[in-house]
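The values are calculated or read from the model by the stated rules, or taken from the named source; none is laboratory data. Remember, predicted model here, so these are calculated numbers, not experimental data. Ideal geometry is used to build each Cβ from the backbone, glycine not excepted, and the neighbour counts take in all protein chains shown. Note: areas computed on protein heavy atoms with side chains; ligands, DNA, RNA excluded. Shrake-Rupley method; radii C 1.70, N 1.55, O 1.52, S 1.80 Å.
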Amino acid sequence: MNKKYRKPIIAGNWKMNMLSTKTKEFADDLKPLLPKNRSSEAVLCVPFPLIPGVAKAVKGLRVSVGAQDVSVHDKGAYTGEVSAEMLSDLGVKYCIIGHSERRAYHGETDALVNAKAKKLLEKEISITPIICVGETLEQRELDVTMEWISMQVKGALSGLSGGEVRKCVIAYEPVWAIGTGKTATAEQAQEVCEYIRTVVRKLYDARTARSLPILYGGSMNAKNAAELLACPDIDGGLIGGASLKPEDFSVIINAANEE
Ligand code: 13P
């Protein structure tokens, strides 16, 4: 982390877990565990139906509410879709786009991720996109990780101005580390996060690269968070499983605070 240039962000991704009846208990348990003076931003990216309830439950905790996806369309006959305006209307501040699970199971492409980023960045919407990138185990073994990551980053940011990129967050999530308990080593995670910053520097400029928060995601937990967050180019975490447990999530938030 480099707190001089970037605010640490600890974002939970609840995926398709949790029920609305359990969110108050979650927030009540989390409250006393949060550090008093927090230098990091805490976010919970929750399933669409839980957004209003979680927003209410975390009121006063300085925890922002995020979504896990957004439609590229503005409104109309798109059954099952949720628009950026609807999210903004609910007070959503962050939105994950291009998660590897959406890429794998819902055919999300770099072009679609790019269109979603543009939608979220529209002036009247102003939701921070958390753009996910990451290689599969096969790609890592074939030694094409950096090419792949570079392609995903360039695809997601295509056509965005430097000013717009400075409003984004990128999350590096190696697919092989998600939900597997197999975390990237701090060296592996740092290497790719540093590379992402280099790609952005070449595409834009030093200022844009320096101010861009880059998160690591993939089996980040209460035990390994401190080591990962100590890396200079890892500015926070995108946390799945551990974000469903208030104790574990708070340990990670505390680790970011102490870094
Ligand atoms: P886990 O932390 O459960 O591995 O999930 C990571 C993730 O996919 C966050 O978006």
Problem - Extension gain from Ala206 to Lys245, taking 0.36 nm per residue of separation minus the Cα-Cα distance - result: 10.3 nm
Exercise for the section: Could you order Lys31, Lys119 so the one with the most accessible surface comes first? Probe is 1.4 Å. Expected result: Lys31, Lys119
Completion exercise
For segment 162-235, averaging the sequence separation of alpha carbon pairs under 8 Å that lie six or more residues apart and dividing by its residue count, the contact order in percent is 45 percent
Fill in the blank from the handout: Non-local residues with an amide H under 5 Å from the amide H of Thr128, with H modelled 1.01 Å from N and Pro and chain starts lacking one, are Tyr94, Cys95
Handout entry: FRET efficiency, Glu191 to Lys93 (Cβ-Cβ, R0 35 Å, nearest 0.05)
Key = 0.75
Completion exercise
Computed from the beta carbon distance with a Förster radius of 25 Å, FRET efficiency for Glu81 and Glu124 to the nearest 0.05 stands at 0.85
Completion exercise
segment 1-103: relative contact order from alpha carbon pairs under 8 Å, six or more residues apart, as a whole percent, is 26 percent
Fill in the blank from the handout: Which of Lys31/Lys167; Lys31/Lys182; Lys3/Lys167 exceed 26 Å between C-alpha atoms? The answer is Lys31/Lys167; Lys31/Lys182
Exercise for the section: As a check on your grasp of the helix formula, calculate [θ] at 222 nm for the chain: sum -39500 (n - 2.57) over DSSP H runs of n ≥ 4, divide by the residue count, round to the nearest 500. Expected result: -11000 deg cm²/dmol
Completion exercise
Loop-resident chymotrypsin sites (Phe, Trp or Tyr not before Pro) in segment 168-259 with no more than 10 other Cβ atoms inside 10 Å, DSSP not H/G/I/E/B, are none
Fill in the blank from the handout: Sorted by chain and number, the residues with a modelled amide H under 5 Å from that of Ala171, at a separation of 5 or more or across chains, are Ile131, Cys132, Val133, Leu215
Handout entry: J(HN,Hα) series, segment 222-230, from Karplus relation 6.51 cos²θ - 1.76 cosθ + 1.60, nearest Hz, glycine and proline x
Key = 4, 7, 9, 4, 4, 5, 5, 6, 6
Fill in the blank from the handout: When the chain is treated as a Gaussian network with springs between alpha carbons less than 10 Å apart, the largest mean-square fluctuation among Ser211, Ser161, Ser83 is found at Ser161
Practice task
Report, to the nearest whole %, how much of the accessible area of segment 69-179 belongs to carbon and sulfur atoms, 1.4 Å probe, protein only.
Solution key: 52 percent
Completion exercise
The rounded separation in angstrom of the Cα centers of segment 16-65 and segment 165-233 is 23 Å
Problem - Cut-off under 5 Å, modelled amide H: who pairs with Gly12 long-range - result: Val43, Leu44, Cys45, Ile239
Fill in the blank from the handout: the chain: relative contact order from alpha carbon pairs under 8 Å, six or more residues apart, as a whole percent, is 24 percent
Handout entry: Low-density loop positions, trypsin sites (Lys or Arg not before Pro), segment 17-54 - DSSP coil, at most 11 other Cβ in 10 Å
Key = Lys36
Exercise for the section: Just reorder Thr198, Thr23 by solvent-accessible area, largest first, 1.4 Å probe, all chains present. Expected result: Thr198, Thr23
Completion exercise
Sequence order, segment 246-251: Karplus ³J(HN,Hα) from phi using 6.51 cos²θ - 1.76 cosθ + 1.60, θ = phi - 60°, Hz rounded, Gly and Pro as x, gives x, 4, 5, 4, 5, 4
Exercise for the section: Please arrange Arg102, Arg6, Arg210 by accessible surface area, largest first, computed with a 1.4 Å probe and ligands excluded. Expected result: Arg210, Arg102, Arg6
Exercise for the section: Rank Asn17, Asn37, Asn114 by mean-square fluctuation in a GNM of the chain with C-alpha springs under 10 angstrom and give only the top-ranked residue. Expected result: Asn37
Completion exercise
Loop-resident GluC sites (Glu not before Pro) in segment 75-180 with no more than 14 other Cβ atoms inside 10 Å, DSSP not H/G/I/E/B, are Glu81, Glu122, Glu124
